[in-house]
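Visitor: Here you go, one structure.
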Amino acid sequence: MRSSAGVVERAVEGAPPGRFRQSPREGEWSALETLTHLRDVIVHVYGLRIRRLLYEDAPVFADFDEEGYRRARLARGEAVTDLLATVVAEHEQLARLLETLPDADWAREGRHPSLGVMSIEFLARRVGEHAEEHAAQIAEAAHAGRPRGSQADT
């Protein structure tokens, strides 16, 4: 988790500020939309589910209207620095919560009505994978459309 947070940090910090809000191609998310989505899913989906599994037996996980929530957050105009800080802090907090988790507890499970069974181990792995997937998208979106060999590439 800590290393995946670093991957996100490097992607965001390497993005030209003027490109962060621009979609790379028609119908694709901008780097800002991707970062907002990542924050929402890490905090409100994976992080919340992991926390519930630490103290509840076999919880049922609710659906999360990510699209509607993301649109509302984007309308608020949150700063990229705040979004990034929240992603990094959530990764760190989850890592701290899990670093002393007994081996047997990694198998604690909850169930999502349509996605099925999810364990702490599965959700923790998804935190890192999801972050790295979207870090790559942030970097690609932020650099799309820039001419190769431009001053910003050096």
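The values are calculated or read from the model by the stated rules, or taken from the named source; none is laboratory data. Predicted model only: the values in this text are computed from it and were never measured. In this analysis, Cβ positions are derived from the backbone assuming ideal geometry, glycine residues included, and neighbour counts consider all displayed protein chains. Heavy atoms of the whole protein, side chains included, go into the accessibility calculation; ligands, DNA and RNA do not. Shrake-Rupley method; radii C 1.70, N 1.55, O 1.52, S 1.80 Å.
Visitor: DSSP loop chymotrypsin sites (Phe, Trp or Tyr not before Pro) in region 63-146 with at most 15 other Cβ atoms within 10 Å of their Cβ, which ones?
Guide: Phe64
Visitor: Another question about this same structure. For region 71-123, which GluC sites (Glu not before Pro) are in a loop by DSSP, counting at most 16 other Cβ atoms within 10 Å?
Guide: Glu78, Glu99
Visitor: Hey, another quick one. Assign unit charges at the C-beta atoms only (+1 for Lys and Arg, -1 for Asp and Glu), then state the dipole size of region 35-154 relative to its Cα centre in Debye, rounded to the nearest 20.
Guide: On the way: 15 positive and 21 negative charges, 68 e Å.
I would put it at about 320 debye.
Visitor: To continue, here is another question. Quick one: pull the percent of accessible area on the chain belonging to carbon and sulfur, 1.4 Å probe, ligands and nucleic acids left out.
Guide: Carbon and sulfur together cover 51 percent of it.
Visitor: Continuing with this model, one more query. Under 5 Å between amide H atoms, partner at least 5 residues away or on a different chain: which partners does Glu109 have, H built in plane at 1.01 Å?
Guide: Residues meeting the amide H criterion: Ala58.
Visitor: Also, I was wondering about something else. Averaged per residue, what accessible area in Å² does the chain show with a 1.4 Å probe, protein chains only? Please list the in-between numbers first.
Guide: Values: 8440 Å² over 154 residues.
Heavy-atom accessible area per residue stands at 55 Å².
Visitor: Mean-square fluctuation check for the chain, GNM, Cα pairs under 10 Å: which of Leu53, Leu101, Leu38 is largest?
Guide: Between Leu53, Leu101, Leu38, it is Leu101 that shows the largest mean-square fluctuation.
Visitor: Please return the longest stretch of the chain lacking exposed loop sites, where trypsin sites (Lys or Arg not before Pro) count only if DSSP places them in a loop and at most 14 other Cβ atoms lie within 10 Å.
Guide: 26-147
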